[in-house]
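Read the figures in this text as sums done on the coordinates, not as results from a lab. Everything numeric in this text was worked out from a predicted model, so none of it was measured. Reconstructed Cβ throughout: ideal geometry from the backbone, glycine too, with neighbour counts over all protein chains shown.
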């Protein structure tokens with residue numbers, strides 16, 4: 001695997017989202033790609049890459065005339081519906097981080113198997129070529145990822161301003177237990193800070209089953 005490798009799948013039979021959930025990615029319905037890259041970030045700061053990637057998607061959609069928002073930790077939202085998901089995984093060689101694998105799935109057209117979602121075609125009222133959207137998306141996401149190590153506070157500030165989760169009551173599962181609280185802030189490493197009846201919890205995408 002070479003640093004900067006991008007794998008573009010025109011369809012996926014075993015696409016997955018968070019915690020191994022099935023990700024529907026039929027041919028001609030969306031853009032599905034994985035970006036493999038190296039980073040000097042370690043530990044929980046890797047979560048910042050997930051936030052930056054989502055911001056890159058927002059920027060690409062803005063270039064198309066669409067105003068997108070974010071739902072922590074990995075959803076991009078148009079018209080209160082999910083249009084794109086972001087998934088970051090770490091690939092280790094022994095105890096050493098070898099690569100980050102960033103998966104992006106963006107709906108070009110409506111997908112019947114995914115209720116409550118939307119697509120670029122629906123939001124724009126017309127279709128766009130896969131090649132055009134793919135190039136715009138890749139350029140924007142790769143650029144945004146590159147800013148994290150130099151401009152972490154800028155990434156966090158932008159994400160806060162676009163995050164629909166902050167300020168709202170949320171429920172989440174941790175180790176199978178359902179908890180509820182108010183999302184109040186992002187931590188310096190991209191976690192979601194939640195007030196659970198006066199007790200502060202910091203959530204990280206890989207450690208919680210769901211956030212609603």
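Could you tell me the center-to-center distance, by alpha carbons, between region 133-158 and region 69-106 in angstrom?
13 Å
Sorted from fewest to most neighbouring beta carbons within 10 Å, what does the list 34, 118 look like?
The fewest-first ordering by Cβ neighbours comes to 34, 118.
Full-extension gain between residue 6 and residue 171, please, as 0.36 nm times their residue separation minus the C-alpha to C-alpha distance.
Here the segment from residue 6 to residue 171 would lengthen by 55.9 nm.
Sticking to Cα atoms, compute the Rg of region 169-211 to one decimal and its Dmax as the biggest Cα-Cα distance, whole number, in Å.
Rg then Dmax for region 169-211, in Å: 9.4, 26.
Stretch residue 79-residue 180 to full length: gain in nm at 0.36 nm per residue minus the Cα-Cα span?
33.8 nm
Most mobile of 147, 156, 49 per a Gaussian network model of the chain (Cα springs, under 10 Å)?
Of 147, 156, 49, the Gaussian network model singles out 147 as fluctuating most.
Quick one: if the Förster radius is 25 Å, what FRET efficiency do residue 151 and residue 67 give, using the C-beta to C-beta distance and rounding to 0.05? It would help to have the intermediate numbers written out before the result.
On the way: r = 23 Å, r/R0 = 0.90.
Efficiency for this residue pair is about 0.65.
By how many nm would the segment from residue 128 to residue 196 lengthen if fully extended, with 0.36 nm per residue of separation less the alpha-carbon distance?
Result: 20.1 nm gained on full extension.
So how many Å³ per residue does the convex hull of the Cα atoms of the chain work out to? Don't skip to the end; give the middle numbers.
Details: hull volume 27.1 nm³, N = 212.
It comes to 128 Å³ per residue, whole-number rounded.
Under a GNM of the chain (C-alpha, springs under 10 Å), which listed residue has the highest mean-square fluctuation: 58, 114, 148?
114
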